[in-house]
1. Out of all the residues in segment 27-37, is one or more part of a helix (DSSP H, G or I), at pLDDT below 85 and open to solvent by less than 90 Å² (accessible area, probe 1.4 Å)?
2. Restricting to segment 224-238, name every residue that is of a type outside the set (Lys, Arg) and open to solvent by 80 Å² or more (accessible area, probe 1.4 Å).
3. Looking only at segment 367-382, decide whether some residue is open to solvent by 30 Å² or more (accessible area, probe 1.4 Å) and in contact with a Ser or Thr (Cβ under 8 Å, 6 or more places away or on another chain).
4. Considering each residue of segment 52-63, count those that are out of contact with any Gly (no Cβ under 8 Å at 6 or more places or on another chain), surrounded by 17 or more Cβ atoms within 10 Å (Cβ to Cβ) and over 11 Å from residue 8 (Cβ atoms), and give that number.
5. Please verify whether residue 217 is assigned to a loop (DSSP other than H, G, I, E, B), open to solvent by 10 Å² or more (accessible area, probe 1.4 Å) and not assigned by the TED database to the domain that holds residue 349, treating the condition exactly as stated.
6. When you check residue 54 against the structure, is it farther than 30 Å from residue 175 by Cα, in contact with a Pro (Cβ under 6 Å, 6 or more places away or on another chain), at pLDDT 85 or above and not small (Gly, Ala, Ser), yes or no?
7. Before we move on, is residue 255 modelled with pLDDT under 95, of a type outside the set (Lys, Arg) and assigned by the TED database to the domain that holds residue 188?
8. Using beta carbons and a limit of 8 Å, which pairs, at least six apart or on different chains, have the first residue in segment 8-23 and surrounded by fewer than 18 Cβ atoms within 10 Å (Cβ to Cβ) and the second one part of a loop (DSSP other than H, G, I, E, B)?
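The values are calculated or read from the model by the stated rules, or taken from the named source; none is laboratory data. Everything numeric in this text was worked out from a predicted model, so none of it was measured. FYI the Cβ positions are ideal-geometry reconstructions off the backbone, even for glycines, and counts take in every protein chain you see. The accessibility values were calculated without ligands, DNA or RNA, using every heavy atom of the protein model including side chains. Shrake-Rupley method; radii C 1.70, N 1.55, O 1.52, S 1.80 Å.
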Amino acid sequence: MGEGFFEAIVELERMVREPADVLQEMNNRLSPRDLQLVLVYFSQEGRDSWCALEVFEWLNKENKVDKETIELMISIMCGWVRKLIQRKHSVGDVVDLLVDMDCVGLKPNFSMIEKVISLYWEMGKKEDAVLFVKEVLRRGISYCVDNHGENNKGGPTGYLAWKMMVDGNYTDVVRLVLDHKESGLKPEVYSYLIAMTAVVKELNEFSKALRKLKGFVKAGLVAELDVENVMFIEKYQSDLLSRGVRLSNWVIEEGSSLHSAAVHERLLAMYICAGRGLEAEEELWKMKLLGKDPDRELYDIVLAICASQKETSAVTRLLTGMEVSGSKCRKKTLLWLLRGFVKGGHYQDASNTIIKMLDMGLSPEYLDRAAVLQGLRKSIQESGNVEPYLKLCKHLSDASLIGPCLVYMYIGRYQLWIIKMV
């Protein structure tokens, strides 16, 4: 620290001349270290912080700003922002500070804006974080993003949406992005993808809650859902899906071809969570056309959904090529198909699937066989048709999966018992 430093401090604090004039005159007597210390001095509590900004502006014009000086100034700015937030200054004051940074040549990079959002979030001022992002977008404050691509948060809306999603506020994420878009604030493309992910997570949580509720109903712990509640559930799910589709359209309109696969992945996940078989199948083929063939398990999951909904044509399409796959994969696929039929109550189709597996030398799981036999027994009571049940019993017996069965049939008109072994 040289004498020039102390002299510069005295001259700048007198405020007789412009800071730029003082520094220009003392240029040769101030080392880079002295100039950094000047910045630190005026950034302290009780000093003229605007003077620090003017010093940085002069450094920038004289090409004396290196990486270390930029990091120092950003650190100083973060300290100022923290104090503003702690002292409950308005969001406008914080944004004004970013504008001042821009004016002196220190363009706020994304990490700076990210830091402000994080400060609000950590202090529990989440509503202020939302207002801050809105104000940044409304004023059109430009910022630099160092790395591009889906792995970074992309911008203010995307980063805030990501923070919300980590906290599990999935519907808030969707509302945030939709509100910014519909208000003309131009959120970045990545925020649409984050919101689509939030839709998937909300649909998944909703499906879990619905399954739990149905379990309570089955156990007699709660009453059956009335028509009004069923309609409310269907509407909630449909509204989520329609928002997800809107978001996907914006990604395609505003993004690049690099985003296409990510869009269809999320749409596929949305339709799977919502149990929309035909729509999910369509997304599978779209992904395949893009050269991003989904995992075999995703085909199996969609196959099960379509089977539960008795979408025969879709089931046939999804089974194409199964014969050329390995024995282990074939068994897994047919089990998904079988369980889909059982879930939808299509026990005769499930029985035919078991027979097909046996003919291929594949053994269905015990619980799956038991579920189908139980379902066929119930259908006998409704239709009186015993043949599907007997047919399955014979195939299972031939495969040594059950013992021979004695079937007792009573013909009341003739008061006659018929005993048949299968």
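1. Yes.
2. Matches in segment 224-238: 224, 227, 228, 231, 232, 234.
3. Checking segment 367-382: not a single residue is open to solvent by 30 Å² or more (accessible area, probe 1.4 Å) and in contact with a Ser or Thr (Cβ under 8 Å, 6 or more places away or on another chain).
4. Result for segment 52-63: 5.
5. Values: assigned to a loop (DSSP other than H, G, I, E, B): no; open to solvent by 10 Å² or more (accessible area, probe 1.4 Å): yes; not assigned by the TED database to the domain that holds residue 349: yes.
It is false that residue 217 is assigned to a loop (DSSP other than H, G, I, E, B), open to solvent by 10 Å² or more (accessible area, probe 1.4 Å) and not assigned by the TED database to the domain that holds residue 349.
6. Numbers: farther than 30 Å from residue 175 by Cα: yes; in contact with a Pro (Cβ under 6 Å, 6 or more places away or on another chain): yes; at pLDDT 85 or above: yes; not small (Gly, Ala, Ser): yes.
The answer is yes for residue 54.
7. Criteria met by residue 255.
8. 11/17; 11/26; 13/48; 15/48
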